[in-house]
Amino acid sequence: MEITAMRRLFDDVAQGRTTPDKALESLRYTPFMEVGCGVNLDTHRALRTGHGETVFGQGKDPEQMVRAVGGLAASGSPVLATRVNPEQADALRSTYPQGTYWARARLFSLGMELPVDEPWQRQGAVIVACAGAADLPVALEAFGTAAFLGLNTGLVSDVGVAGLHRLQPHMETLFRAKLLIVVAGMEGALPSVLAGLTGKPILAVPTSVGYGASFQGLAALMAMLNSCAPGIAVLNIDNGYGAACMAAKILAQFECAS
């Protein structure tokens with residue numbers, strides 16, 4: 001149950017349009033919803049955390065995805081699904097043709113547009129800085145999730161340390177941002193560079209991009225954790241979604257403080 005629906009229910013009780021017992025009965029079954037196929041949705045997550053449940057696609061079959069998205073959409077709120085593969089996307093688009101599937105970011109959204117089309121915005125309170133073009137799918141997951149969450153987000157791509165001069169045209173944008181999400185594979189050096197240059201809070205996302213000794217992103221992860229530049233928090237490998245959610249929580253605290 002969303003906040004607006006709960007307020008409406010409380011108002012109905014206050015105005016005598018329903019009884020406390022009937023209101024309690026309607027609330028009793030709303031904290032979760034079983035929709036079949038082993039899917040049990042957390043329908044009160046937005047009340048507890050400020051963000052509704054996101055459907056994680058990896059490991060689910062198409063029918064589970066359809067039921068999960070449909071169950072969450074029944075509240076009237078937008079729904080986001082991550083790690084959506086082409087087979088799942090076909091089932092979702094067939095059932096919900098009004099939804100948006102972003103193949104490169106592996107995101108599906110229902111009830112909220114995603115910034116699929118280029119050119120992508122380069123300015124914003126949050127900037128996603130992507131080291132290499134090969135890291136772009138993870139960066140786009142962060143960029144798309146942040147947009148879904150209503151954050152003013154820009155994307156700066158292919159500015160890694162092999163050609164560090166490529167950062168120069170974007171420095172003013174980086175200084176104006178409140179927070180940076182920095183996505184990098186290989187040796188994972190870009191978060192350290194930007195932490196040393198800008199003084200902005202940095203959410204570093206290592207990617208699994210790299211040759212054998214990168215160990216599917218472990219080398220980048222360890223490099224980011226061992227950065228000598230302070231002010232870096234490190235997410236899990238390839239977790240662009242988690243970085244965007246953390247950015248939303250941090251910026252929400254800014255708004256509360258002001």
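Tell me the relative contact order for segment 111-167 as a rounded percent, counting alpha carbon contacts under 8 Å between residues six or more apart.
Value for segment 111-167: 43 percent.
Would you mind telling me the share, in percent, of accessible area of the chain contributed by carbon and sulfur at probe 1.4 angstrom?
That share works out to 55 percent.
Pulled fully out, how much extra length does the chain show between H165 and E255, if you take 0.36 nm times their separation in residues and subtract their Cα-Cα distance?
Stretched fully, the H165-E255 segment lengthens by 29.0 nm.
Between C228 and D12, how high is the FRET efficiency from 1/(1 + (r/R0)^6) when r is the Cβ-Cβ distance and R₀ = 51 Å? Nearest 0.05.
That gives a FRET efficiency of 0.30.
Relative contact order for segment 139-258: what percent, with Cα pairs under 8 Å and sequence separation of 6 or more?
27
What accessible area, in Å² to the nearest ten, does a 1.4 Å probe give for Y101?
Surface open to solvent at Y101 totals about 40 Å².
Using a cut-off of 17 Å between alpha-carbon atoms, which lysines can reach K200, once sequence neighbours fewer than 8 places away in the same chain are excluded?
Filter leaves K178, K249.
If you average the sequence gap of Cα pairs under 8 Å that are 6 or more apart and divide by the length of segment 157-219, what percent do you get for the contact order?
29
In deg cm²/dmol and to the nearest 500, what is the mean residue ellipticity at 222 nm of the chain if only DSSP H runs of at least 4 residues count, each as -39500 (n - 2.57), divided by the residue total?
-11500 deg cm²/dmol
Count the DSSP beta bridges whose two residues both fall in the chain, then state the antiparallel fraction as a percent rounded to the nearest 5.
Around 35 percent of the beta bridges assigned by DSSP in the chain are antiparallel ones.
When ligands, DNA and RNA are left out and all protein chains stay put, how many square angstrom of accessible area per residue does the chain have with a 1.4 Å probe?
Using a 1.4 Å probe on heavy atoms only, each residue of the chain averages 50 Å².
Which percent of Cα-Cα pairs in segment 185-258 sits in each 5 Å bin, short to long?
3, 18, 23, 22, 18, 9, 4, 2, 1, 0
The values are calculated or read from the model by the stated rules, or taken from the named source; none is laboratory data. Just so it is clear, the model here is predicted, and its values are computed rather than measured. As a convention, Cβ positions derive from the backbone with ideal geometry for all residues, glycine included, and neighbour counts pool all protein chains shown. We work out accessible area using only protein heavy atoms, side chains counted, and drop any ligands, DNA or RNA first. Shrake-Rupley method; radii C 1.70, N 1.55, O 1.52, S 1.80 Å.
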